[in-house]
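Student: Please find one structure pasted underneath; my questions will follow.
What follows is calculated from the coordinates using simple rules that are stated; it is not laboratory data. Since we're looking at a predicted model, the values are computed, not measured. Cβ placement follows ideal geometry from the backbone for every residue including glycine, while neighbour counts extend to all protein chains displayed.
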Amino acid sequence: MIKAIKGTRDILPPESALWSRVENTAREILALYGFAEIRTPVFESTELFARGVGEDTDIVSKEMYTFEDRDEQSLTLRPEGTAPAVRAYIEHQLQQESSIAKLYYLGPMFRRERPQKGRYRQFHQIGAEVLGSDNPAIEAEVLEMLQFFLKQIGIEDQTLLVNSIGCPVCRPRFLEELKRALAEKKVQLCLDCQRRSETNPLRVLDCKVESCQPVIDSLPKISEFLDEACRAHFDKFLGYLTSRQIPFTVVPRLVRGLDYYTRTTFEITSGVLGAQNTLIGGGRYDGLAEALGGPPTKGFGFALGLERILLVLQQSEKQVAAGPAQLFLAPLGEAAFEKATLLARDLRQQGIRCLLDFEARSLKSAMRLANKLQAQYVLILGETELQTGRYLLKRMTDGTQREVREVEIPAALRGVAVPVSQG
Ligand code: AMP
């Protein structure tokens with residue numbers, strides 16, 4: 001048997017309906033905040049990610065799906081959405097359209113990580129980018145939008161963590177201190193961190209290995225190294241969160257694994273998730289556009305993992321399953337079947353979800369099937385009903401029956417009173 005590849009998964013009904021609901025809610029809220037959708041290709045030149053994400057990152061150094069095309073060009077399945085969005089922004093000169101561009105994307109990303117709960121090799125992100133502003137108010141607005149989104153889909157157990165990682169002016173002094181402190185404690189670190197302390201010391205702060213934690217707690221804190229401009233930016237950002245009544249925790253060790261981040265970084269975590277508890281990650285990346293050969297462009301954005309959002313929703317009781325069919329049509333006999341096919345068409349065009357039974361079966365067996373499919377109503381079409389033009393509509397929750405004419409069906413399903421006879 002051929003199976004789905006390790007680290008990938010099929011999204012099946014009824015779970016797929018929950019996916020749609022989350023995606024639709026996200027699209028609506030993003031639109032309320034002025035974001036427009038951008039769809040970029042699933043593969044890009046490898047160089048885009050090498051430059052945009054950074055050679056030293058785990059993503060680029062060991063997690064990318066990279067292959068050589070037939071013309072020997074190196075291509076990579078996108079591991080994230082920000083570099084492609086900024087590439088497109090530069091390529092199509094979107095900065096000329098207006099001073100701020102607000103873009104969002106939604107789709108699969110690919111990273112060859114070790115699969116575990118909440119971590120896959122093909123996963124899905126919704127992300128948004130604000131290009132062309134370094135105002136901390138826009139950062140607070142994006143977080144307000146994310147809080148609104150989480151509330152709308154029914155996720156309440158979540159925590160916002162924030163930090164500032166400075167800028168190319170003040171960060172080098174911190175990195176120097178960090179490297180010095182790490183060199184002293186190198187032997188106490190895990191092998192990955194020993195390597196990172198040379199290549200990408202910020203990433204040590206991100207390490208989840210138990211034995212590294214006491215060392216990480218004792219390391220210098222970036223907040224003590226911020227220059228005046230970065231300090232003022234961060235204070236303003238926190239002030240805007242406070243005035244919006246958005247609770248947050250400042251976490252000095254919160255850094256992002258990607259090189260192009262500057263100043264504000266944030267994560268939204270959920271206690272329900274276990275080890276892979278980050279639902280949303282984001283921050284400011286003022287250096288990215290230039291690193292990709294574009295004009296200097298300030299940027300701020302986030303990406304949320306849909307699989308993790310779904311994991312949280314599936315664990316809470318509030319989840320809404322795929323709506324079962326409103327109406328199951330049970331035709332008895334060939335003539336009734338013909339009538340039912342046309343009736344189903346008319347009702348669907350009026351927005352009524354119908355299921356039509358294609359097998360010839362007895363009324364009893366049709367009712368059993370309707371029950372199994374959790375239909376809310378069953379419309380029985382027999383010989384007599386066809387002749388009189390009055391059909392029997394049965395409400396499955398309580399077994400009540402009523403006689404309805406064709407034109408009355410939509411109103412009856414919407415709960416408008418029609419004469420009811422007990423069945
Ligand atoms: P990142 O692009 O690494 O900042 O990740 C942003 C969000 O994407 C994370 O907070 C997760 O929710 C999600 N995510 C990242 N990597 C994976 C993965 N391998 N599997 C599932 N979700 C992921």
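Student: Okay, helix-only estimate at 222 nm for the chain: each DSSP H run of n ≥ 4 adds -39500 (n - 2.57), divide by all residues, round to 500 deg cm²/dmol; what do you get?
Tutor: -10500 deg cm²/dmol
Student: LYS394: which lysines have alpha carbons under 27 Å from its alpha carbon, excluding same-chain residues fewer than 8 sequence positions away?
Tutor: Within the straight-line cut-off, LYS394 pairs with LYS339, LYS364, LYS372.
Student: In degrees, nearest 10, range 0 to 90: what is the angle between the Cα axis of helix 15-32 and the longest Cα principal axis of the chain?
Tutor: Orientation of helix 15-32: about 60 degrees from the principal axis.
Student: Follow-up question, since we're still on this one. From the Cα gyration tensor of the range 326-422, with a ≥ b ≥ c the square roots of its eigenvalues, which class applies: rounded if a/c is under 1.5, or else prolate if a/b is larger than b/c, or else oblate?
Tutor: rounded
Student: Which order do the peptides 356-365, 335-344 come out in when sorted by mean C-beta neighbours inside 10 angstrom, highest first?
Tutor: Descending packing order for the listed peptides: 335-344, 356-365.
Student: Please turn the phi angles of the range 290-295 into ³J(HN,Hα) values with the Karplus equation 6.51 cos²θ - 1.76 cosθ + 1.60 (θ = phi - 60°), one per residue in order, whole Hz, x for glycine and proline.
Tutor: Calculated HN-Hα couplings, in order: 5, 4, 9, x, x, x Hz.
Student: Where does each of ILE126, ILE165 land when they are ranked from fewest to most other beta-carbon atoms within 10 angstrom?
Tutor: By the 10 Å Cβ count, ascending: ILE126, ILE165.
Student: Additional query: How large is ³J(HN,Hα) for each residue in the range 124-138, as worked out from phi by the Karplus curve 6.51 cos²θ - 1.76 cosθ + 1.60 (θ = phi - 60°), to whole Hz, x for Gly and Pro?
Tutor: 10, 10, 10, x, 9, 10, 10, 10, x, 9, 10, 6, x, 5, 5
Student: What is the extension gain from GLN96 to THR159, computed as 0.36 nm multiplied by their sequence separation minus the C-alpha to C-alpha distance, in nm to one decimal?
Tutor: That pair, GLN96 and THR159, stretches by 19.0 nm at full extension.
Student: Over 30 Å between Cα atoms: which of LYS186/LYS298; LYS117/LYS236; LYS62/LYS117; LYS6/LYS179; LYS102/LYS151; LYS151/LYS236 fall into that group?
Tutor: Beyond 30 Å: LYS186/LYS298; LYS117/LYS236; LYS6/LYS179.
Student: Grab the Cα-Cα distance for LYS117 and CYS190, subtract it from 0.36 nm times how many residues apart they are, and report the gain in nm with one decimal.
Tutor: Value of the extension gain: 24.0 nm.
Student: I would also like to ask the following. Have a look at the DSSP beta bridges in the range 326-422 and tell me what percent are antiparallel, nearest 5.
Tutor: In the range 326-422, DSSP labels about 55 percent of beta bridges as antiparallel.
Student: Using only Cα atoms, tell me the angle between helix 306-315 and the longest principal axis of the chain; keep it within 0 to 90° and round to the nearest 10.
Tutor: Computed tilt is about 60 degrees.
Student: Given 0.36 nm per residue, what is the gain on full extension from THR25 to GLU47 after removing their alpha carbon distance, in nm?
Tutor: Taking 0.36 nm per residue and subtracting the Cα distance, the gain is 4.5 nm.
Student: Please determine, in degrees from 0 to 90 and to the nearest 10, the orientation of helix 82-91 with respect to the longest principal axis defined by the Cα atoms of the chain, where the helix direction is its Cα long axis.
Tutor: Rounded to the nearest ten degrees, it is 80.
Student: So, by mean Cβ neighbours within 10 angstrom, what's the order for 6-19, 193-206 with the highest one leading?
Tutor: Order by mean packing, descending: 193-206, 6-19.
Student: Tabulate in residue order the Karplus-calculated ³J(HN,Hα) for the range 204-211, using 6.51 cos²θ - 1.76 cosθ + 1.60 with θ = phi - 60°, rounded to whole Hz; enter x for Gly and Pro.
Tutor: Karplus values, whole Hz, x for Gly and Pro: 4, 4, 7, 5, 9, 5, 3, 5.
Student: Okay, moving on. Over the chain, what is the relative contact order in whole percent, taking alpha-carbon pairs under 8 Å and six or more residues apart?
Tutor: 15 percent
Student: Describe numerically, in nm with one decimal, the distance between label points set 7 Å from Cα along Cα→Cβ at ALA137 and at VAL250.
Tutor: Result: 2.2 nm between the two label points.
Student: Take the alpha carbon gyration tensor of the range 190-307, find the square roots of its eigenvalues, order them as a ≥ b ≥ c, and report rounded if a/c is under 1.5; if not, report prolate when a/b exceeds b/c, else oblate.
Tutor: rounded
Student: Then there is this: At 7 Å along the Cα-to-beta-carbon direction for both SER61 and ARG390, put a label point, then send me their distance in nm to one decimal.
Tutor: Here the modelled spin labels are 8.0 nm apart.
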